[in-house]
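The values are calculated or read from the model by the stated rules, or taken from the named source; none is laboratory data. Nothing here was measured: the structure is a model prediction, and the numbers come from that model. We place every Cβ from the backbone using ideal geometry, glycine too, and count neighbours over all the protein chains shown. Accessible surface is based on the protein model in full, side chains and every heavy atom, while ligands, DNA and RNA are left aside. Shrake-Rupley method; radii C 1.70, N 1.55, O 1.52, S 1.80 Å.
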Amino acid sequence: MKRHTLLQYAARSLFRRAATQRYPAERTPTPERLRGTLHWTPDGCTGCCLCSKECPANAIEIITIDKTTKQFVARYHADRCIYCGQCVVNCRFSCLTMSPEEWENAALHKQAFTVYYGDAPHVERVLEGFVSQDSASNPST
Amino acid sequence: MDTTVPQRFVVPIGPQHPALKEPGHFEFTVDGEQVTGASVRLGYAHRGIEKATEGRNWVQNLYLLERICGICSHVHATAYCLGVEKLAGVTPPPRAQAIRVLVAELERIHSHLLWLGVAAHEAGFDTLFMYSWRDRETVMDILEALTGNRVNYSANLLGGVKFDLTSELTDKIYKGLELLEERTYQYVDVVTSDATLLQRTRGVGVTTREQAEQLGLVGPTARASGVERDIRVEAPYAAYPDFPVKVVTATAGDLEARFVVRLQELFEAYRLIRAVLEKLPPGELQARMPRKIKPAETVSRVEAPRGELFYFIKSNGTDQPERIKVRTPTLCNLASVCVLAVGSQLADVPMILAGVDPCFSCNDRMVTVYSGDTDHTQWTWKQLRQYGIDYYRR
Amino acid sequence: MNAIQDLLTLMFFPGGLFVLALGMSYEWIDRKLMARVQNRVGPRWFQPYADIAKLLVKEEVIPADSNRLLFIALPILALAGALTAALYVPLAGFDPLYSFKGDLIVTLYLLSLLTVCTGLAGANTTDRFSLVGATRTLTQLFSYEAPFLLAMLGPAVAARSWQINEIIADADGQWLLIVQPVGFVVALIGLLGKLEIAPFNAPEAETEIVAGALTEYSGRGLALFRLGRHVELVVGLTMVAAFYMGGVSGLPLFVLKTLLLLLILVGIQSLVARLRIDQTVGLWWRWGTLLVLAQWLALVIWEGVQA
Ligand code: SF4
Ligand code: SF4
């Protein structure tokens with residue numbers, strides 16, 4: 001292990017690559033565990049609402065389309081989510097994942113932060129307001 | 001202007017001031033460059049978190065409390081988890097406890113390096129500031145790869161932890177530690193030998209052992225004055241009984257000693273992390289937790305990077321806590337600034353302030369003093385807003 | 001015809017705008033080198049221009065309880081002083097535009113004008129940070145000014161002239177820093193103090209007193225002060241290079257020598273912590289002044305023996 005005085009080190013730094021980056025042009029790959037935007041797949045979801053019940057930010061809602069055939073739509077509020085990952089741990093059917101790629105989540109309008117997941121016709125029905133919007137577990141929304 | 005009465009010249013530092021990264025308010029009465037009086041006012045970043053916990057369930061509170069502090073978030077979550085687990089009578093598996101210690105020590109490294117940078121910046125030593133923050137990226141990257149986030153790692157769960165170690169991660173940590181260790185030697189060298197920096201730190205803000213005990217200092221600030229105070233040793237928690245800590249102390253009590261103690265603690269953290277990685281116990285990551293906890297109360301203490309962090313938790317048989325009380329280390333240390341600042345140079349005040357590694361928003365609290373004659377009507381939002389407008393229009 | 005030519009020389013080249021551009025380029029080099037030492041990318045070449053342009057278009061807020069006239073006049077005076085000083089030094093390797101007997105003294109005083117104006121500007125407001133900053137600026141001025149002056153007069157004594165041109169001609173390409181090393185070091189470090197850069201940046205220590213004397217300045221006034229600072233950087237570098245490093249005839253030589261000096265300045269600047277104002281004063285009076293005086297004495301005796 002070579003040790004340098006600060007002067008030597010500073011002189012060497014002059015010829016080293018900068019530690020900072022010109023961000024949008026250069027970027028470091030994200031680690032695979034990075035907690036980015038939440039994703040939900042309807043396959044296997046039982047509607048147990050364990051994810052939404054313990055979400056500290058009330059950021060995910062499971063909207064029931066048809067209870068008996070287990071058809072649900074998930075409404076995700078990316079602006080409220082604090083990316084804690086509790087919902088992913090809670091879901092026993094691996095319906096929830098957090099994408100390590102999607103972390104640049106800025107948007108110009110608020111609508112971009114409300115994301116619907118589920119089968120397209122179901123989502124459409126929710127958007128058109130045919131389904132009662134409040135889910136049992138989330139009285140605040 | 002009446003010139004016969006000596007004018008009090010007050011230099012305010014805060015609530016908005018470049019020396020403070022968070023809002024706090026200090027008023028220093030100066031005579032030329034000499035400080036003759038000091039007072040502190042807190043509460044600018046009061047967020048009402050303690051009250052907010054009472055309306056959330058045990059799991060949700062974990063994440064709320066983790067956000068008390070952005071720098072030492074993991075210790076808050078750990079203190080809370082340990083307390084709640086004690087209440088519920090759950091023992092988390094040993095592997096989980098070891099990983100908690102691992103993350104806690106990584107966090108200590110990041111916090112101390114951050115402090116080194118801030119303190120160097122206060123001393124006007126920007127190159128040291130840039131270097132230490134650059135090297136801090138190493139440990140931030142490790143934490144990000146390990147837990148998936150750079151701050152607020154949320155590695156804890158009630159009853160265990162979320163993340164396991166993989167062999168790649170272990171390699172990454174070893175590699176990172178090697179780099180950091182080499183750099184830390186240089187930092188120790190700089191803070192103990194750089195003439196200009198020593199002019200600003202040696203003999204400045206000296207806290208004697210007696211003073212440290214009287215003022216109730218905690219953490220590295222106390223240890224720099226020779227007080228052996230470390231929860232990891234006095235009341236080992238999590239996996240610390242299996243991975244004993246050697247307390248680092250210094251005797252001088254000045255700013256240089258605080259630099260040295262924090263840097264030596266880095267070496268101790270490197271050693272601990274290596275020990276944990278070598279002897280990581282196998283097994284589960286999480287024990288089952290009940291949703292509701294029978295009425296009981298407990299305290300939980302952990303050693304945050306800044307000193308002792310104290311939690312009082314009271315349950316009432318539901319899935320929500322009855323009361324949670326948090327005391328952060330900064331609250332214990334902050335009073336010493338007012339004592340030390342008096343008699344020192346104005347230029348040294350930011351250094352003395354930085355020397356305790358203050359963290360304002362996590363310690364901010366509201367105290368209501370009821371005395372008989374004040375009327376304490378509640379203001380509505382509208383009144384408050386109008387008051388603000390009138391105040392600034394003046 | 002002559003008047004127009006004079007005007008052009010003064011306004012554009014090699015006075016006026018050219019000096020400003022040169023000043024900003026050196027400022028950029030300073031910042032870039034600093035960034036590289038600190039392992040950062042650093043600003044791009046137009047950053048100083050962008051900064052100044054931004055400040056110039058911003059609204060200037062004049063504090064209610066300060067003297068309006070002074071508040072506006074001081075930055076102008078400061079910049080004018082620095083720009084005038086630039087006329088008497090061999091900037092960019094050209095011969096000084098104007099030269100007369102004793103112009104060395106005038107130049108040195110013009111260079112101090114910036115600091116004095118900064119101090120007055122701080123004292124003109126009632127802002128507490130400004131007042132502390134002003135006190136520190138002026139205290140510092142008194143501590144480094146005398147040694148700096150003496151250090152600059154060293155070569156003059158050797159040349160027995162108070163005229164910048166003649167001093168340089170007399171040195172005749174010899175590097176005076178070899179015979180007057182103390183003077184060189186003191187001049188260089190005095191320059192650090194003059195420009196209020198680390199370790200002598202206590203007057204504008206942002207972690208203590210925000211921006212020091214200039215805390216209340218925004219917009220145009222701040223831009224002018226900063227321009228003055230940039231110009232002073234080049235003028236100071238030019239003078240030290242010309243006196244102690246064997247003259248700066250020709251652009252390549254000028255650039256080479258001043259950049260070398262700048263590199264040394266950046267090195268010092270990046271490797272030290274800020275000194276407290278009492279430490280600054282102590283350092284100058286205990287070491288700077290005494291050393292320079294000792295060298296002076298030696299110089300005078302030597303000259304006396306020769307004569
Ligand atoms: S990551 Fe956390 S905040 Fe976001 S939806 Fe899941 S539980 Fe809620
Ligand atoms: S926890 Fe999983 S299964 Fe249960 S509602 Fe949420 S996504 Fe569906």
Could you please find all residues in the range B:200-217 being assigned to a loop (DSSP other than H, G, I, E, B) and either open to solvent by 10 Å² or more (accessible area, probe 1.4 Å) or within 14 Å of another protein chain (Cβ to nearest Cβ) (or both)?
B:Arg202, B:Gly203, B:Val204, B:Gly205, B:Val206, B:Thr208, B:Gly216
Sort out which residues of the range C:276-305 are without any contact (Cβ under 8 Å) to a residue 24 or more places away in the chain and either of a type in the set (Asp, Glu) or not in a helix (DSSP H, G or I) (or both), and write them in order of number.
C:Asp278
Name the residue that is surrounded by the fewest Cβ atoms within 10 Å (Cβ to Cβ), counting only residues in the range A:82-94 that are within 10 Å of ligand 2 (Cβ to nearest atom) and among the polar types (S, T, N, Q).
A:Ser94
Given C:Phe100, C:Phe142, which one is within 17 Å of the chain's Cα centre (by Cα) and open to solvent by 30 Å² or more (accessible area, probe 1.4 Å)?
C:Phe142
Residue identified as more than 14 Å from ligand 2 (Cβ to nearest atom), β-branched (Val, Ile, Thr) and away from chain B (no Cβ under 11 Å) among A:Thr37, A:Thr20, A:Thr28:
A:Thr37
In the range A:59-81, what residues are within 8 Å of ligand 1 (Cβ to nearest atom), buried (at least 18 other Cβ atoms within 10 Å of the Cβ) and either farther than 16 Å from A:Phe113 by Cα or within 14 Å of chain B (Cβ to nearest Cβ) (or both)?
A:Ala59, A:Ile60, A:Cys81
Confirm whether A:Ala78 is away from ligand 2 (no atom under 12 Å from the Cβ) and without any contact (Cβ under 8 Å) to a residue 24 or more places away in the chain.
no
Any hit, the range B:41-62, residues being open to solvent by less than 10 Å² (accessible area, probe 1.4 Å) and under 18 Å from the mean Cα position of the chain (by Cα):
yes
When every residue in the range B:124-139 that is of a type in the set (A, V, I, L, M) and open to solvent by less than 10 Å² (accessible area, probe 1.4 Å) is compared, the one nearest to the chain's Cα centre (by Cα) is B:Val139
Pairs only if they're at least six apart or on different chains, beta carbon under 9 angstrom, first in the range A:95-116 and away from chain B (no Cβ under 14 Å) and away from ligand 2 (no atom under 16 Å from the Cβ), second among the charged types (D, E, K, R) and not in a loop (DSSP other than H, G, I, E, B); list them, first residue then second.
A:Thr114/A:Arg75
Restricting to the range A:82-119, and then to whatever is among the aromatic types (Phe, Trp, Tyr) and assigned to a loop (DSSP other than H, G, I, E, B), can you tell me which residue is farthest from ligand 1 (Cβ to nearest atom)?
A:Phe93
Determine whether B:Arg271 is part of a helix (DSSP H, G or I) and open to solvent by 60 Å² or more (accessible area, probe 1.4 Å).
yes
Within the range B:141-169, track down each residue that is open to solvent by 10 Å² or more (accessible area, probe 1.4 Å) and part of a helix (DSSP H, G or I).
B:Asp141, B:Glu144, B:Ala145, B:Ser167, B:Glu168, B:Leu169
So C:Ser66 clears everything in (1) touching a residue at least 60 places away in the same chain (Cβ under 8 Å); (2) closer than 18 Å to C:Arg226 by Cα except one condition, right? Which one?
(2)
All but one of (1) aliphatic (A, V, I, L, M); (2) open to solvent by 20 Å² or more (accessible area, probe 1.4 Å); (3) within 14 Å of chain C (Cβ to nearest Cβ) hold for B:Leu197; state the number of the condition that does not hold.
(2)
Please determine, by comparing only the residues of the range B:45-63 that are at the interface with chain A (Cβ under 10 Å from one of its Cβ atoms) and within 14 Å of B:Tyr311 (Cα to Cα), which one is farthest from ligand 2 (Cβ to nearest atom).
B:Asn61
Filter the range A:21-58 for residues that are touching a residue at least 24 places away in the same chain (Cβ under 8 Å), more than 16 Å from ligand 1 (Cβ to nearest atom) and of a type in the set (S, T, N, Q); the one that is surrounded by the most Cβ atoms within 10 Å (Cβ to Cβ) is A:Thr30
Working carefully through the options B:Lys325, B:Lys279, B:Lys246, find the one that is within 18 Å of the chain's Cα centre (by Cα), under 23 Å from B:Glu107 (Cβ atoms) and surrounded by fewer than 16 Cβ atoms within 10 Å (Cβ to Cβ).
B:Lys325
Show me the helices (runs of 4 or more DSSP H) found entirely inside the range C:205-275 where at least 1 residues are within 14 Å of another protein chain (Cβ to nearest Cβ), without any contact (Cβ under 8 Å) to a residue 60 or more places away in the chain and open to solvent by less than 10 Å² (accessible area, probe 1.4 Å).
C:206-209
Report whether or not C:Phe184 is open to solvent by less than 20 Å² (accessible area, probe 1.4 Å) and either under 16 Å from the mean Cα position of the chain (by Cα) or more than 24 Å from B:Leu197 (Cα to Cα) (or both).
no
Do we have any residue at all in the range B:341-348 that's part of a helix (DSSP H, G or I), among the hydrophobic types (A, V, I, L, M, F, W, C) and at pLDDT 80 or above?
yes
In the range B:107-117, is there at least one residue being surrounded by 23 or more Cβ atoms within 10 Å (Cβ to Cβ), touching a helix residue (DSSP H, G or I) at 6+ places or on another chain (Cβ under 8 Å), away from chain C (no Cβ under 14 Å) and acidic (Asp, Glu)?
yes
